[in-house]
Amino acid sequence: MKAMILAAGKGTRVRPITNEMPKPMIPILRKPVMESIVELLRTHDVQEIVVNTSHLAPVIENYFRDGTQLGVHIAYSYEGYMTEDGLEGKALGSAGGMKRIQEFSGFFDETFIVLCGDAWIDLDISAALRQHREKGGVATIILQEVPHEEVHKYGVVKLDERQRIVQFQEKPKPQYAVSNLINTGIYIFEPEIFDYIPSGVEYDIGSQLFPALVGAGEEFFGIKMDFQWVDIGSVPDVWAATRMALQGKIHGFDMPGKEVRPGIWTGINVSINWDRVKIKPPVYIGSSTKIEAGSKIMGPCMIGANCVVETGAEISECLISDYTRIGGMATLDNKLIFGGECISPDGNVINVSETQIRWLVNDTRRVLNPSDIHDMLLFNNMLSFYGELELEREKEMA
Amino acid sequence: MKLSTHTQGEFTVAVIGETRMDAAVAPELKHQIAQLLDDGATRIVLDLSQVTFMDSSSLGALVSLLKMVGNRGDLIIAGAKGIVAELFKLTRMDRVFRMADSVDAAVGAVVA
């Protein structure tokens, strides 16, 4: 079996993370989601994978290269143009992207699987393929059962008694939903599917191709599979997925680094004074990171590589990306620090350079300027002044 | 910088009429509130409910003002929300300033 990974999306719901990183490259504990997908495909003997890229394509292409390092062959189908200002993506839609590859080389000359590059899954692909062959349709959609009250987030599918797909609903209200089986965005196709995809236009699998199949009376099927599906479609999803991984709730997820204390994993070359740092698991600390004495880290927490957490800093339930310095006065509670932004799961974003708080949260490689140092001293003074006042008040009270 | 003041009980309520409090307004902010202190106001409630962005320099100006007030009075921050409230928390200034959800809450809390 061959595969296509859909990686051309803009990931607007994951901004600002996707301003510099396409969605498939968003890591769950250091490993890009798409890398886990490639590994899963390899486990099921899928060795030839074409990836359609568009938004920030080079980030994906430079990371996966030709796939040799992961034991597979990877090729890219870039959707867009080179302009005076650089690459400009123009995505063709999921089905349009497939058609482009097929017209280019006829790559899909056997059964193939199409899946999104932005969700962590542990699907038994071999079992799904067996069922697809038993059914004998031109397409098979991998479905999952969800609690009835969650159907409004997904595309819902209705099957007949032979598991043929007879109806689609896009994000229905629970009271109108025709079932609680949802489309996971994972499909197995036969090459005949291309008869139904027009060439040279933007065309979507879910909203255009499948309705066209229904319209043409083509038999295609849905199979309900039991597997873990961890979507990273939004900023809160990214944080939720990281938490789950730290808490051991993603089955078969390999923790990076070594478990040096119960529930505490680190990379190599870390500098931590364990006796003088307060850490509550689960916590992951990346390689070449320094945790200074007198700092406090409350898990679940993921601190990237080459970071510095300074004396006095309090970090609780955070995801901190590589090369971040957390100043000693910082209190970070439920935050994602990424690309110079401090992101709250509820959507508030503080840009550290716009708000001029580089004295507090910064890139470890950037040297502080005089105005940063002025602010740092000012706030520091104020905090210690206030601390002394509090002590005096407490004495008076006593 | 847009700033309007009125008295509410024994408090001087200063309402910031700007949405952005950045380096461009920080000196003016400091000057105008310092003027209120010079004019004899000791209990000031600063209403930030219209402010949607604040940077380190404006927060720094507030810190300087709080130092000026010292133990002689109050400088209460009211109505900070969104990333403004986040900035106070991130820098721990929420532990230094008295923070209230609204002007009424600020005035009420102190009276009570």
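Listed values, structure above:
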| quantity | calculated |
| --- | --- |
| Evaluation of A:V367 against (1) closer than 19 Å to A:S321 by Cα; (2) within 11 Å of chain B (Cβ to nearest Cβ) (one fails), failing number | (2) |
| Test: residue in segment A:112-128 that is open to solvent by 60 Å² or more (accessible area, probe 1.4 Å) and more than 24 Å from A:D237 (Cα to Cα) | no |
| Residue match in segment A:266-275 (condition: more than 30 Å from A:R164 (Cβ to Cβ), touching a residue at least 24 places away in the same chain (Cβ under 8 Å) and assigned by TED's automatic domain parsing to the domain that holds A:N348) | yes |
| Segment B:1-25 - residue that is part of a loop (DSSP other than H, G, I, E, B) and in contact with a Phe, Trp or Tyr (Cβ under 8 Å, 6 or more places away or on another chain) and, of those, nearest to B:K81 (Cα to Cα) | B:T19 |
| Residue that is nearest to A:I5 (Cα to Cα) [pool: residues in segment A:177-211 that are among the charged types (D, E, K, R) and either open to solvent by less than 60 Å² (accessible area, probe 1.4 Å) or over 29 Å from the mean Cα position of the chain (by Cα) (or both)] | A:D204 |
| Residues (modelled with pLDDT under 95 and in a loop (DSSP other than H, G, I, E, B)) located in segment A:18-45 | A:E20, A:M21, A:P22, A:I26, A:L29, A:R30 |
| Yes/no for B:D38 being modelled with pLDDT of 95 or more and away from every other protein chain (no Cβ under 14 Å) | no |
| Evaluation of A:F385 against (1) out of contact with any Cys (no Cβ under 6 Å at 6 or more places or on another chain); (2) within 8 Å of chain B (Cβ to nearest Cβ); (3) closer than 18 Å to A:E314 by Cα (one fails), failing number | (3) |
| Filter result for the condition that a residue is open to solvent by 30 Å² or more (accessible area, probe 1.4 Å), out of contact with any Lys or Arg (no Cβ under 9 Å at 6 or more places or on another chain) and in a helix (DSSP H, G or I), over A:V214, A:V238 | A:V214 |
| Residues satisfying the stated conditions in segment B:41-60, i.e. hydrophobic (A, V, I, L, M, F, W, C) and either within 12 Å of chain A (Cβ to nearest Cβ) or closer than 22 Å to B:G9 by Cα (or both) | B:A41, B:I44, B:V45, B:L46, B:L48, B:F53, B:M54, B:L59 |
| Hits in segment A:249-287 - residues which are in a loop (DSSP other than H, G, I, E, B) and of a type in the set (K, R) | A:K249 |
| Of the criteria (1) crowded, with 19+ Cβ neighbours inside 10 Å; (2) at the interface with chain A (Cβ under 7 Å from one of its Cβ atoms); (3) touching a Ser or Thr at 6+ places or on another chain (Cβ under 7 Å), which one B:V63 fails | (3) |
| Residues (within 10 Å of chain B (Cβ to nearest Cβ) and either under 18 Å from the mean Cα position of the chain (by Cα) or more than 22 Å from B:S56 (Cα to Cα) (or both)) located in segment A:315-338 | A:K335 |
| Test result for A:G67, at pLDDT 95 or above and of a type in the set (G, A, S) | yes |
| Sole residue being within 29 Å of the chain's Cα centre (by Cα) and within 25 Å of A:W120 (Cα to Cα), chosen from A:K173, A:K224 | A:K224 |
| Verdict on B:A24 being farther than 22 Å from A:V349 by Cα and modelled with pLDDT under 95 | no |
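The values are calculated or read from the model by the stated rules, or taken from the named source; none is laboratory data. Values in this document were obtained by computation on a predicted structure and should not be read as measured data. Positions of Cβ are generated from backbone atoms using ideal geometry, with glycine treated the same way; all protein chains shown enter the neighbour counts. Heavy atoms of the whole protein, side chains included, go into the accessibility calculation; ligands, DNA and RNA do not. Shrake-Rupley method; radii C 1.70, N 1.55, O 1.52, S 1.80 Å.
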